[in-house]
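Read through the structure below, which is laid out as structure tokens, and then see the notes.
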Amino acid sequence: MLIEDSPTTTPWRRPGAGPVIALVAAVAVAVAMVVLQVVAGRSGFEGPLASLARDFAGTPKSMSVPWAGLALGLVGLTNRQRIVALAAALGIDLVFLVGRLLTDGPFAVGNGPTWVLTGIAVLAAWRWTGAQRSSALLGAGLGALLIAATKIGDVWLQITVMTRPAVLDQYVELADRAFGAPSWVMGQVVDALGPAGYGVLHWVYIELPVAAIAVALYQLRNGWPSHHLVRTFLAIGLIGPLFYLLFPVVGPDFAFGTAGQGAQLGDYWPTVIPTGTDPAPFVFAGDAPRNCMPSLHTAWALSIFVHTRRGPWWLRWGGAFWLVCTLMATLGFGYHYAVDLIAGVVLCLTIESALRDPERGWGRFRIRLVVGGAVAFAALLASYRYLAVPIAAAPVVSVPVILGVAGAVVLGFYATFFAAPGTTLARWGGREDAIEPRAHVTRGL
């Protein structure tokens, strides 16, 4: 069958520098985990190493993340090795599960994939050679980084609570009023959907990493492409949380609703829109993470959407479904304001612009997109903080400007990476210099 390659399947590269990069990243992450473990131990909450130890010998904190990590580790193995690894992970998980149930412990899984992923890394480093060793180390390294990132993220959220007692929710809420207070509106919509609608949205919101792994496994089904979703996912998780300290926000349900448990400014969300027009930082005494600005759930869901655009119809529809449900959940659960989501979109596309189509190098087309996205992101955050009053006072002007800034980033991204070759938009985006898909004969996908 004659088909055309797409960026999800070509060009393939032999694993060479990949394992080295993964090893360097793993060492850096290990150092970070040790430092954060010391900080967590002194502050009285669970650190990343303690949480990782539970994945090995206790009750795993997450049942899905260890299996997602193992799924990445399996990419670098042969089919026979995958079967053996899966059987071993299931067997170990079963032993731990039975042990917990016999001692009245909780129902949980995740020990097996953690042990097997570690075993893959050890075998690859000490027993295997050549391409097999490189490919296995790359897969195991990415899987381990995914697991470690969740551990580090949990501690980082606690650090935001400790170091940023004052939050900026009043500024963000006021700016959001220019858009019609979408979180308040969507909160009522979710209430109207009832338990079934809430359950679907909650499952989509919580299992975002599982969706990402499903898409990544499709991309990696034939080997290691030059770019895949995992790279973007990890980059967003590395860069995005830094802004939690620069722009601490807890979210509408915490600052203005019952989730604040007494620390909120009032019980407004989602039925009554605040009327104050003089925003100021205020000390939030609750333990909610300052993790709203930007919305990383939006950034991650959008990255899934982008990476499914050239897949089969069911993958494209799945990516669209996950994005729409994630946006509904972030607003409807009172976790985010709409302007958080706009910032998350710009952050995602800026990071993706730096990583996508590495074969094209760093020409003018990429530099202007990455620099422009970074400037747009900074301008959005600065406007939310210092122009919230005029934004809310003149929505007819401010809303088109804010949406126009984000829209310019979206249009530039589309022109640079998705516009059809030969069109005016593609030429503006530098698509004429891109490595275009080449037809070749294959037996199928």
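Residues that are open to solvent by 30 Å² or more (accessible area, probe 1.4 Å), touching a residue at least 40 places away in the same chain (Cβ under 8 Å) and part of a helix (DSSP H, G or I) do not occur anywhere in the range 269-290. Among the residues of the range 236-268, those that are aromatic (Phe, Trp, Tyr), farther than 30 Å from ALA354 by Cβ and either part of a helix (DSSP H, G or I) or open to solvent by 20 Å² or more (accessible area, probe 1.4 Å) (or both) comprise PHE254, TYR268. Looking across the range 99-114 at every residue that is outside any helix (DSSP H, G or I) and among the hydrophobic types (A, V, I, L, M, F, W, C), the one that is least open to solvent (accessible area, probe 1.4 Å) is identified as ALA108. No other residue among LEU117, LEU137 is surrounded by 16 or more Cβ atoms within 10 Å (Cβ to Cβ), under 25 Å from ARG221 (Cα atoms) and touching a Gly at 6+ places or on another chain (Cβ under 6 Å) apart from LEU117.
When ALA376, ALA338, ALA354, ALA392 are screened for being touching a Leu at 6+ places or on another chain (Cβ under 6 Å), open to solvent by less than 40 Å² (accessible area, probe 1.4 Å) and not acidic (Asp, Glu), only ALA392 passes. Pairing residues of the range 409-431 that are within 25 Å of ALA378 (Cα to Cα) and part of a loop (DSSP other than H, G, I, E, B) with residues that are hydroxyl-bearing (Ser, Thr, Tyr) and open to solvent by less than 40 Å² (accessible area, probe 1.4 Å), at Cβ distances under 6 Å and at least 6 apart in sequence or on separate chains, gives GLY429/THR416. On the stretch given as the range 404-432, residues that are at pLDDT below 85, among the charged types (D, E, K, R) and within 20 Å of VAL371 (Cα to Cα) total 1.
Of all the listed residues (ALA338, ALA320), the sole one being in contact with a Pro (Cβ under 7 Å, 6 or more places away or on another chain), modelled with pLDDT of 95 or more and not charged (D, E, K, R) is ALA338. Selection of the range 150-196 for residues being among the hydrophobic types (A, V, I, L, M, F, W, C), open to solvent by less than 50 Å² (accessible area, probe 1.4 Å) and in a helix (DSSP H, G or I) yields ILE152, VAL155, LEU157, ILE159, VAL161, VAL172, LEU174, ALA175, TRP184, MET186, VAL190.
The values are calculated or read from the model by the stated rules, or taken from the named source; none is laboratory data. Values in this document were obtained by computation on a predicted structure and should not be read as measured data. All Cβ positions, glycine included, derive from the backbone under ideal geometry; neighbour counts span all protein chains shown. Ligands, DNA and RNA are excluded from the accessible area calculation, which covers all protein heavy atoms including side chains. Shrake-Rupley method; radii C 1.70, N 1.55, O 1.52, S 1.80 Å.
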